[in-house]
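Structure, as C-alpha cells:
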Amino acid sequence: MNPNPIRHALLQRQVTVGTWIQIGHAAVAEVLANTGFDWIAADCEHTDMGPAEFAAVARGMHGRGSVPLVRVRENDTLAIRQMLDMGAMGVIVPLVNTPEEAEKAVRAAKYPPAGVRGFAFHRGNDWGVDFTDYAAQANDQIAVVVMIESKQAVENIDAILAVDGVDGVFIGPYDMSGSYGIPGQTGDPIIKNACTRVSEACAKAGKSAGIHVVIPTPEGIAEALANGFTFIAVGVDTIFLDQGARAALAVARA
C-alpha cells in the first residue's frame, strides 16, 4: 500500500490544495489530476455518484499524483466502507455533530480492532494482490475528515477533535449559516466567529481545518491561510468547465 501524504499533511497541519469533482467520469478526473492538485475529492453527497462512478474516478487519477478522497453521501458505515474498497485514500464525512458521530465515522473507516471495516479483496488492494500489506497499513494510511456544518458541531468541536482517528475537519459555512438561523449569510460575524472557533480548536488539537474557496482569488486564499485553514479546496469541476467555456465564447464573440 502506498503511503498517503494527505493524512500525514493533515496531522502535521501542512498546507495542501485540492478540488472537488462532481462529474463522475474518469476523463474529468484525469484532466484535474494532471494539473497538480494535492488531492481531489469526489462529491457523492450532492451528486448521483455511487461506488461504480467513484471507482472510475479513482482509476482516472491513478498514478497522476493527486490523492483520491471522497465525500460520502452520509455518515453511514456501508457507504464509507464501499468507497474505501473502491480506492479512496480518505473520507470526508458530512454532518458530524457530536463526538459519538465522529467515532462512528472513524470506526467505519478502520479495520478491527480499531473499527468495523470488513476485510475483502477489492479495488483498493488490487483485488487481493496487495491484500496482506493493505490490511496491515490501511488504518495508518486512510484519512478521516469530518464536516462541521452546524451550531451543535461548533459547540462540540473540542470533543469531536479529541476522537482518536479524526485527522481534521472541513467547514461547511453555508449549512452552518442555516443552523444559526441566518441561511446564506456566510459573511455574518456569527458565522465568521464560528469558523474561527473551529480553526483555533484545530490548531490547539494539532489537526487540520479545511475550507472551500469556491471562486479562488489571491485575497480569498490569503484569508483562508491567515485564519488557520490548511486543507484548502479551490473551485469544482463544474465551475471550471463553466468558466472556461464562457471565457472562450467571450473571446470568440468579442
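The values are calculated or read from the model by the stated rules, or taken from the named source; none is laboratory data. Source: prediction; values computed, not measured. Counting neighbours? That spans all protein chains shown, and the Cβs are built from the backbone with ideal geometry, glycine included.
Tell me which residues, restricted to region 20-50, are of a type outside the set (A, V, I, L, M) and in contact with a helix residue (DSSP H, G or I) (Cβ under 6 Å, 6 or more places away or on another chain).
If the condition is that a residue be of a type outside the set (A, V, I, L, M) and in contact with a helix residue (DSSP H, G or I) (Cβ under 6 Å, 6 or more places away or on another chain), then Gln22, Gly24, Glu30, Trp39 are the ones that fit.
Please enumerate the residues belonging to region 115-130 that are part of a helix (DSSP H, G or I) and either on the phi > 0 side of the Ramachandran plot or touching a Phe, Trp or Tyr at 6+ places or on another chain (Cβ under 6 Å) (or both). Spell out the reasoning first.
Of all residues in region 115-130, those part of a helix (DSSP H, G or I) come to 123-128.
Once the filter is applied, which keeps residues that are part of a helix (DSSP H, G or I) and either on the phi > 0 side of the Ramachandran plot or touching a Phe, Trp or Tyr at 6+ places or on another chain (Cβ under 6 Å) (or both), region 115-130 yields Asn125, Asp126, Trp127, Gly128.
Could you please let me know if Ala42 is within 17 Å of Val169 (Cα to Cα), touching a strand residue (DSSP E or B) at 6+ places or on another chain (Cβ under 7 Å), crowded, with 19+ Cβ neighbours inside 10 Å and of a type in the set (Gly, Ala, Ser)? Give the steps one after another, and end with the answer.
Numbers: within 17 Å of Val169 (Cα to Cα): yes; touching a strand residue (DSSP E or B) at 6+ places or on another chain (Cβ under 7 Å): yes; crowded, with 19+ Cβ neighbours inside 10 Å: yes; of a type in the set (Gly, Ala, Ser): yes.
Against the criterion (within 17 Å of Val169 (Cα to Cα), touching a strand residue (DSSP E or B) at 6+ places or on another chain (Cβ under 7 Å), crowded, with 19+ Cβ neighbours inside 10 Å and of a type in the set (Gly, Ala, Ser)), Ala42 qualifies.
Looking at region 93-108, I want the residues that are free of Cβ contacts under 8 Å to residues at least 60 places away in the same chain and farther than 17 Å from Val198 by Cα and have a partner that is part of a loop (DSSP other than H, G, I, E, B) and small (Gly, Ala, Ser) with Cβ atoms under 6 Å, at least 6 apart or on another chain. Which pairs are those?
From region 93-108, the pairs are Arg107/Gly115.
Within 15 Å of the chain's Cα centre (by Cα), of a type in the set (S, T, N, Q) and either modelled with pLDDT of 95 or more or over 20 Å from Val144 (Cα atoms) (or both): is that true of Thr217 in this structure?
On the way: within 15 Å of the chain's Cα centre (by Cα): no; of a type in the set (S, T, N, Q): yes; either modelled with pLDDT of 95 or more or over 20 Å from Val144 (Cα atoms) (or both): yes.
When the stated conditions are applied, Thr217 does not pass them.
Between Ala233, Ala248, which is in contact with a His (Cβ under 7 Å, 6 or more places away or on another chain), modelled with pLDDT of 95 or more and over 19 Å from Asp158 (Cα atoms)?
On the way: Ala248 fails: in contact with a His (Cβ under 7 Å, 6 or more places away or on another chain).
It is Ala233.
Can you spot a residue in region 8-31 that is touching an Asp or Glu at 6+ places or on another chain (Cβ under 8 Å), without any contact (Cβ under 8 Å) to a residue 40 or more places away in the chain, under 28 Å from Asp175 (Cα atoms) and buried (at least 20 other Cβ atoms within 10 Å of the Cβ)?
Yes, that holds for at least one residue.
Can you tell me which residues in region 36-70 are under 18 Å from Thr230 (Cβ atoms) and either small (Gly, Ala, Ser) or without any contact (Cβ under 8 Å) to a residue 40 or more places away in the chain (or both)? Reasoning before the result, please.
Going residue by residue through region 36-70, those that are under 18 Å from Thr230 (Cβ atoms) are 36-41, 66-67, 69.
Across region 36-70, the qualifying residues are Gly36, Phe37, Asp38, Ile40, Ala41, Ser66.
Do the conditions hold for Phe170, that is, is it more than 20 Å from the chain's Cα centre (by Cα) and aromatic (Phe, Trp, Tyr)?
It is false that Phe170 is more than 20 Å from the chain's Cα centre (by Cα) and aromatic (Phe, Trp, Tyr).
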